[in-house]
Amino acid sequence: MFERAILHLDLDAFFVSVECLRNSSLSGIPLIIGGRGQRSVVASCSYEARRYGVHSAMPLQMALRLCPDAVVVHGDMDVYSRYSKLVTEIIASEAPAYEKASIDEFYLDLSGMDRYLGCWKWSGELRQKIIRESGLPISFGLSVNKLVSKVGTGEAKPNGAKMIVKGSEKHFLAPLSVKKLPAVGDATYKKLSFMGVRTVDTLSKIPPALLQREFGKQGLSLWNKANAIDESPVTPYSERKSLSTERTFQIDTTDVDWLKDSLAAMVTKLAYDLRRSGKLTSCVTVKLRYADFNTFSRQQLIPYTANDLELIRCARSLFDRLYERRQLVRLVGVKFSHLVEGSPQLDLFQDTLSDNRLLRVMDQVRDRFGNTALTRASLLDGDN
Amino acid sequence: MKFSVSSSELLKQLQVAGGAISNNPVLPILEDFLFKIQNNILTIIATDMESTIVKRIDVTSDENGSIAVPGKILLDTLKALPQQPITFSINPETKAIEITSAYGKYKLSGEDGDDFPDISHPDFEDDIKFSSEILLNGINHTLFATSNDELRLAMNGVFFKVEKNNLTLVATDAHKLVKCSFSNVESKNRASFILPKKSLNLLKSALSADEPVQMMVNETNAFFSFNNTTLICRLIDARYPDYNAVIPLNNPNLLVVPRQDFLSSLKRISIYAGKAFNKVTLSLVDSSLTLSSKDLDFSNEAIEQMPCEYTGDPMDIAFNVKFLIEMLSVLDCKEVQLKLATSTRAGILVPGEQDESEDTLMLLMPVMLETY
């Protein structure tokens, strides 16, 4: 029945399910997982809360206006990672090849298993096993490629399963809204709506050349998706391409020194992660969002390094070139990309021996007592 | 205004001067050569406001004057003409230029010579004299070591330091450093300045072997005069890093190897080095040098061993092989010495034998053996 069989597993409302597991009094009521601050967003919400129109990535304030009775829980990422790991272990013990696409999503390549085991039967058993052993509800979609399986999972939720057999992929996708396709975000959806394209069926009938003209490179992949074409393989291990972090401030600010210090603190933390993973970066990007949500970023290529001071120097100079509006700033972020493994070329004027030794000792202290155990005094701030 | 000149002689001078004309000039008139005629001497000036070349040749002319001639069209015309006398006649009112060759006439429109930006002149007569050999040698040894990092402006050029009868050139990109000193120079006062890379390249192509060079400096420019040429370079206004402080003094480990053998070995090894770092590891024990490199991404690996003279503790040190190759390539001596302290301190590369009047020292920072 299947030449290529791809299974997509997705834990239902993962953070919520974990919270309910830890505290059963939370189950069955509108529950929202979100951060602490004024400006935090909904990380996840229960199906009861979704009925009120709450969805993830919505500002918490707005969610509470929609659903005043909702209980807000401040999530604990460590606990979620632990549960995610538990599920990963169950899958790893059963599956021939799997890809962990995110904290609560997995792709499995079951090609060739159909004849002997029956993909559908095997998948159902795997799902039951995960539910039994972890206590978390999970849904799956089974089909011929990653795309159709993922959309299938979306249709199967909550706590269900769906199989789309070979040959029926297009029929399955056709009546769905284009919004259901992965990679169709708000902007693309809007543009497609303006073009009069609402269902996948319509999208699949548009000539690809037209889509390419309207959306560029992405247009072609959009057309492929609408036609249920997706050749991407299940990749069991993928190398990290970049490290990044960003911070939205409680209150918008124009305090440049303070902004630069928080940028430096982020760089310090990220550089530590970089060194711990044995990597060096050669491209630093700084991102800046003003109060009116206009977002700008700038990047610079540098010689390979993982040295705090060098990276801070670079991030600061990028920030100086980026901040030119004299407007309140809402968010700053930093990203390291072009990562490679290796050992750095030493600098004649900048890294002195004592600097490098200091860096190494600081890392050892952080290894033992945590990332926040030790930092430069210049980066300490009341608000860190 | 009218003047006659040999086409090939003019072309020769224009080709050198044309090096100063930039591809996208700040002012349209900078695409032109400025021709100034005074008492049967034609002065050709080309500039991009950073570096200026002034050339002088003899012509026969009827009166004095100046005109800016479009550079590209003039050069193309001269290139297409065989050697012969040609005549320029210029209408002072309309600035129209008419070139007459044995084959016919070519008309082009020039611009007013007075619109051409003024070039600066040295404001004092304190000069430094040396042979072009020294300058060519110094530029060849240092130019490759300059940096392209916009954040480190000073390192984008070569540092010149003049002391009594001594000239030192230094270039660095923070990973490698070259210092060349020459003692057979004639100078009285001290001076130090940074010359940009482009000017040095121009200087290199304008200089011919074995001619006396006269150098003058003021606050903003350096002036090089030789033969019938003057080259004026805007200086880089930045503080040069303290290079003497980074040259390690105590280097107990000494490696002596034949330069050519070392270079060929490194060239082979470099093929197998990882592209991001080009790291080659030198393992040194008594009278044996082992070179190795690895590219983990492709499982490529190379190892070679060569005889050498080594005195000191056995040690491993890694360098960027591209840098080492560059440095060894610009030297021309039979043997080189590599003086080392530890695997995290700069290695000093010096020629095995040097002229008494010359002192070349190259410094290379290692690549760390392990990660942070």
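What FRET efficiency do you get for A:Ser238 and B:Asp359 if R0 is 51 Å and r is their Cβ-Cβ distance, rounded to the nearest 0.05?
Between A:Ser238 and B:Asp359 the formula returns 0.40.
Kirkwood Rh over Cα pairs of chain B into Stokes-Einstein at 20 °C, 1.002 mPa s: D in µm²/s?
Rounded, D is 92 µm²/s.
At most 13 other C-beta atoms within 10 Å and a DSSP loop state: those are the exposed trypsin sites (Lys or Arg not before Pro) I care about. Give me the longest piece of chain B that has none. Numbers along the way, then the final one.
On the way: sites that count: B:Lys164, B:Lys188, B:Arg190, B:Arg239, B:Lys275, B:Lys334.
My reading of the result: B:1-163 is the longest stretch.
Tell me, what is the percent relative contact order of segment A:242-379, built from C-alpha pairs under 8 Å that lie six or more residues apart?
Reported as a whole number, the value is 35 percent.
Taking R0 as 41 Å, what's the FRET efficiency between A:Phe296 and B:Ala154 from their Cβ-Cβ distance, rounded to 0.05?
The computed FRET efficiency comes out at 0.85.
Roughly how many nanometres apart are two label points built 7 Å out from the Cα toward the Cβ at A:Arg65 and B:Gln260?
So the label points at A:Arg65 and B:Gln260 sit 8.2 nm apart.
In whole percent, what relative contact order does chain B give with Cα contacts below 8 Å and a gap of six or more residues?
Working: 840 pairs, mean separation 46.9, N = 372.
The value is 13 percent.
Cα centroid distance between segment B:66-92 and segment B:265-300, in Å?
The distance from the Cα centre of segment B:66-92 to that of segment B:265-300 comes to 55 Å.
Using a 7 Å offset from the Cα along the Cα-to-Cβ direction at both B:Lys164 and A:Cys283, what is the distance between the two label points in nm, to one decimal?
Calculated label separation equals 5.6 nm.
Is the C-alpha gyration tensor of segment B:2-115 telling us rounded, prolate or oblate? Criteria: a/c under 1.5 is rounded; beyond that, a/b larger than b/c is prolate, otherwise oblate.
It is rounded, given that a/c, with a ≥ b ≥ c, falls under 1.5.
Let's test the formula: R0 of 60 Å, r as the Cβ-Cβ distance of A:Tyr189 and B:Asp237. What FRET efficiency results, to the nearest 0.05? Could the numbers behind the result be given before it?
On the way: r = 54 Å, r/R0 = 0.90.
Between A:Tyr189 and B:Asp237 the formula returns 0.65.
Quick one: buried accessible area between A and B, total over both chains, 1.4 angstrom probe, nearest 100 Å²?
Counting both chains, the buried surface is close to 2400 Å².
Let me check I have the definition right: for chain A, take the eigenvalues of the Cα gyration tensor, multiply each by 5, take square roots. What are those semi-axes in whole Å, largest first?
Values for chain A, descending: 39, 25, 25 Å.
With a 1.4 Å probe and every protein chain left in place, work out the accessible area per residue of chain B in Å², rounded to a whole number.
So chain B comes to 46 Å² accessible per residue, rounded to a whole number.
Straight-line reach only, C-alpha to C-alpha below 17 angstrom: list the lysines that A:Lys166 could link to, leaving out same-chain residues fewer than 8 apart.
Within the straight-line limit of under 17 Å, A:Lys166 reaches these lysines: A:Lys121, A:Lys146, A:Lys150, A:Lys225.
Along the three principal axes, how long is the protein assembly as shown when you take its alpha carbons, biggest first, rounded to the nearest angstrom?
For the protein assembly as shown, the Cα extents along the three principal axes come out at 102, 73, 57 Å.
Report the number of Lys pairs in segment B:240-366 whose alpha-carbons are under 16 Å apart, with separation of 8 or more residues or on distinct chains.
Close lysine pairs under the 16 Å cut-off: 9.
Say each of B:Asp58 and A:Tyr47 gets a label point 7 Å from the Cα, pointing the same way as Cα to Cβ; how far apart are those two points in nm?
The modelled label-to-label distance comes out at 10.3 nm.
Summing -39500 (n - 2.57) over the DSSP H runs of n ≥ 4 in chain B and dividing by its residue number, what mean residue ellipticity at 222 nm do you reach, to the nearest 500 deg cm²/dmol? Provide the component values of the computation, followed by the final result.
Numbers: 7 runs with 69 residues, N = 372.
Rounded to the nearest 500, it is -5500 deg cm²/dmol.
Once each part is reduced to its C-alpha centroid, what is the distance from segment A:259-334 to segment A:230-249 in angstrom?
Here the answer is 19 Å between Cα centres.
Which of the residues in segment B:256-291 show a loss of at least 20 Å² in accessible area from their chain by itself to the complete set of protein chains, at a probe of 1.4 Å?
SASA drop of 20 Å² or more in segment B:256-291: B:Ala276, B:Phe277.
Can you tell me how much longer the chain between A:Lys121 and A:Val79 gets when fully stretched, taken as 0.36 nm per residue apart minus their C-alpha distance, in nm with one decimal?
Between A:Lys121 and A:Val79, full extension yields 12.0 nm more.
Which part of segment A:275-306 falls in the paramagnetic zone of A:Ile251, meaning amide N under 18 Å from the point 7 Å along Cα-to-beta-carbon?
The answer is A:291-292, whose backbone nitrogens lie closer than 18 Å to the label point.
Could you work out the Rg to Rh ratio of segment A:1-139, with Rh taken as the Kirkwood radius (inverse of the mean 1/r over all Cα pairs)? Let's see the in-between values first.
Working: Rg = 17.1 Å, Rh = 16.2 Å.
Using Cα coordinates only, the ratio equals 1.05.
Each residue of segment A:366-375 in order: what ³J(HN,Hα) in whole Hz does its phi give by Karplus 6.51 cos²θ - 1.76 cosθ + 1.60, θ = phi - 60°, with x for Gly and Pro?
5, 4, 7, 10, x, 4, 9, 5, 9, 8
When the accessible area of each residue in segment A:337-362 is compared between its chain alone and the complete protein assembly (1.4 Å probe; ligands, DNA and RNA ignored), which residues differ by at least 30 Å², being lower in the assembly?
A:Ser343, A:Pro344, A:Gln345, A:Leu346, A:Asp347, A:Leu348, A:Phe349, A:Leu353, A:Arg360
Enumerate the lysines that A:Lys260 could reach by cross-link, defined here as Cα to Cα under 19 Å, with residues fewer than 8 away along the same chain left out.
List returned: A:Lys269, A:Lys287, A:Lys335.
Can you show me the helix-derived [θ] at 222 nm for chain A, built from DSSP H runs with n ≥ 4 at -39,500 (n - 2.57) apiece and divided by the number of residues, rounded to the nearest 500.
Helices in chain A give a 222 nm mean residue ellipticity of -12500 deg cm²/dmol.
From Cα pairs below 8 angstrom and at least 6 apart in sequence, can you work out the relative contact order of segment B:283-372, rounded to a whole percent?
23 percent
Ignoring any ligand, DNA or RNA, what whole percent of the accessible area of chain B comes from carbon and sulfur when the probe is 1.4 angstrom?
Result for chain B: 48 percent of the exposed heavy-atom area is carbon or sulfur.
The values are calculated or read from the model by the stated rules, or taken from the named source; none is laboratory data. Values in this document were obtained by computation on a predicted structure and should not be read as measured data. Methodologically, a virtual Cβ is constructed for each residue, glycine included, from the backbone with ideal geometry; neighbour enumeration extends over all protein chains shown. Remember, those area values only see protein heavy atoms, side chains included, never the ligands or the DNA or RNA. Shrake-Rupley method; radii C 1.70, N 1.55, O 1.52, S 1.80 Å.
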